[in-house]
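Contents: one structure, followed by commentary.
The values are calculated or read from the model by the stated rules, or taken from the named source; none is laboratory data. These numbers come from a predicted model, not from an experiment. Cβ coordinates were reconstructed from backbone atoms using ideal geometry, including for glycine residues, and neighbour counts include every protein chain displayed. Areas reflect the complete protein model, heavy atoms only, side chains present, ligands, DNA and RNA absent. Shrake-Rupley method; radii C 1.70, N 1.55, O 1.52, S 1.80 Å.
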Amino acid sequence: VDVFQAWCGPCKPVVNLFQKIRNQVGTDLLHFAVAEVDSIDALEKYRGQCEPVFLFYTRGELVAVVRGADAPLLQKTILKHL
């Protein structure tokens, strides 16, 4: 989940990386979503930050958090949790 604030928007540069990985591993294994923290109370702790935050869930459970648009770390995290 790409967690963002309305004033800064989702992290668009990472979308291409996500699409590339999704094409490699298949669409059934990997799903992407975006969530605006200002409108979701459960994400309140991510408000006021000036960096992208990516939340990784497996079977509905939070398994990893990556802060910043670090493409190699995002790819490593995705592949580790698949």
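Looking across the stretch 48-63, the residues that are within 15 Å of HIS31 (Cβ to Cβ) and surrounded by 11 or more Cβ atoms within 10 Å (Cβ to Cβ) come down to PHE54, LEU55, PHE56, TYR57, VAL63. In this structure, does ASP41 turn out to be open to solvent by 60 Å² or more (accessible area, probe 1.4 Å), of a type in the set (Asp, Glu) and within 13 Å of the chain's Cα centre (by Cα)? No, not satisfied. A single entry from ALA69, ALA6 fulfils the requirement of being in contact with a helix residue (DSSP H, G or I) (Cβ under 6 Å, 6 or more places away or on another chain), outside any helix (DSSP H, G or I) and exposed (fewer than 11 other Cβ atoms within 10 Å of the Cβ): ALA6. With the structure loaded, tell me whether ALA42 is of a type in the set (A, V, I, L, M, F, W, C), closer than 21 Å to GLN5 by Cβ, out of contact with any helix residue (DSSP H, G or I) (no Cβ under 9 Å at 6 or more places or on another chain) and touching a residue at least 24 places away in the same chain (Cβ under 8 Å) or whether it fails that test. No, not satisfied. Scanning the stretch 18-39 for residues being touching a residue at least 12 places away in the same chain (Cβ under 8 Å) and assigned to a loop (DSSP other than H, G, I, E, B) gives a total of 4. If you go through the stretch 26-37 and keep only what is of a type outside the set (Gly, Ala, Ser) and surrounded by 13 or more Cβ atoms within 10 Å (Cβ to Cβ), you end up with LEU30, PHE32, GLU36, VAL37.
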